[in-house]
Amino acid sequence: MGELLSKIIPLALGAAISPTVLAVGLLILSTPKRAVVRGTAFTAGVMTILAALTAVGLKLTHHATSVAAARQPITRAIDATFGLVLLLLALSTVLRAMSTDKESAAATNSPADPDKHSSLGAAFVLGMAMMMMNFSTILLYLPAMREISVSRLDFSDKAVAVCVAFLITSMAATLPLGLRLIAPVKSAAWFASLHTLVTRYQRQIAVTIEVIFGAYLLLKAL
């Protein structure tokens, strides 16, 4: 069990670093208008997609690695593919940043209207959309599910590992909500400032995660 956790926890931690999900969640939770209920709906949307990724990741990798003789080559090919895609995403982010003029960058970094997603349904859909567009998280979470799927541990140990990976990966949405519930007054002020900081450096954060874990998966595939 310890060996499996040592493989999935780094991937889950990388998947949890999601500047887009965090920035949008902080924006929702920093507003006075039904912040907690809309934040809960947003988090539910994020976790719905994450649950779907869990099921898909476990199912697909189970079938892909069902033949013992082919398990190792397929596992390496999956790691290499995901690692390469992460590095390509990092390169794409850098090239977009270089080609973006100051005016469009300012528009991108300007805070969104918090009342735009004031309904619970809109917040839920927004959470789903943010997670579906969060490619770096997906590309790190699926290999974690693959590690669990190919493990020779029994079902209960695998279930624990899935829960650990799920809870860690969802922290970008769940931790701000939990803090908002514990300290509603102070957290609202903190979140407004933190949202500005995360939005300002979200590209740098994304590129760093994509490069580090892209290289990690490629080296793991060797």
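The values are calculated or read from the model by the stated rules, or taken from the named source; none is laboratory data. The model shown is predicted, which means the values in this text are computed figures rather than measured ones. Cβ: placed from backbone, ideal geometry, glycine included. Neighbour counts: every protein chain shown.
Overview of values
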| quantity | calculated |
| --- | --- |
| Within the stretch 166-200, tally of residues that are free of Cβ contacts under 8 Å to residues at least 40 places away in the same chain, under 19 Å from residue 16 (Cα atoms) and not in a helix (DSSP H, G or I) | 0 |
| Some residue of the stretch 65-80 being surrounded by 14 or more Cβ atoms within 10 Å (Cβ to Cβ), of a type outside the set (Phe, Trp, Tyr), modelled with pLDDT of 90 or more and closer than 20 Å to residue 143 by Cβ | no |
| Residue tally, condition closer than 17 Å to residue 216 by Cβ and either among the charged types (D, E, K, R) or in contact (Cβ under 8 Å) with a residue 24 or more places away in the chain (or both), over the stretch 89-101 | 2 |
| Condition met for residue 149 (among the hydroxyl-bearing types (Ser, Thr, Tyr) and either at pLDDT below 90 or touching a His at 6+ places or on another chain (Cβ under 9 Å) (or both)) | yes |
| Answer from 150, 164 - the residue that is more than 17 Å from residue 60 (Cα to Cα) and not aromatic (Phe, Trp, Tyr) | 164 |
| Residues of the stretch 160-190 classified as modelled with pLDDT under 85, among the hydrophobic types (A, V, I, L, M, F, W, C) and surrounded by 15 or more Cβ atoms within 10 Å (Cβ to Cβ), total | 2 |
| Test result for residue 208, at pLDDT 90 or above, surrounded by fewer than 18 Cβ atoms within 10 Å (Cβ to Cβ) and either touching a helix residue (DSSP H, G or I) at 6+ places or on another chain (Cβ under 8 Å) or in a helix (DSSP H, G or I) (or both) | yes |
| Checklist (1) assigned to a helix (DSSP H, G or I); (2) more than 30 Å from residue 94 (Cβ to Cβ) applied to residue 152, failing item | (1) |
| Hits in the stretch 1-55 (condition: in contact with an Asp or Glu (Cβ under 8 Å, 6 or more places away or on another chain) and either surrounded by 22 or more Cβ atoms within 10 Å (Cβ to Cβ) or under 26 Å from residue 143 (Cβ atoms) (or both)) | 1, 4, 7, 8, 11 |
| Residue list for the stretch 153-178, restricted to those being aromatic (Phe, Trp, Tyr) and more than 14 Å from the chain's Cα centre (by Cα) | 155 |
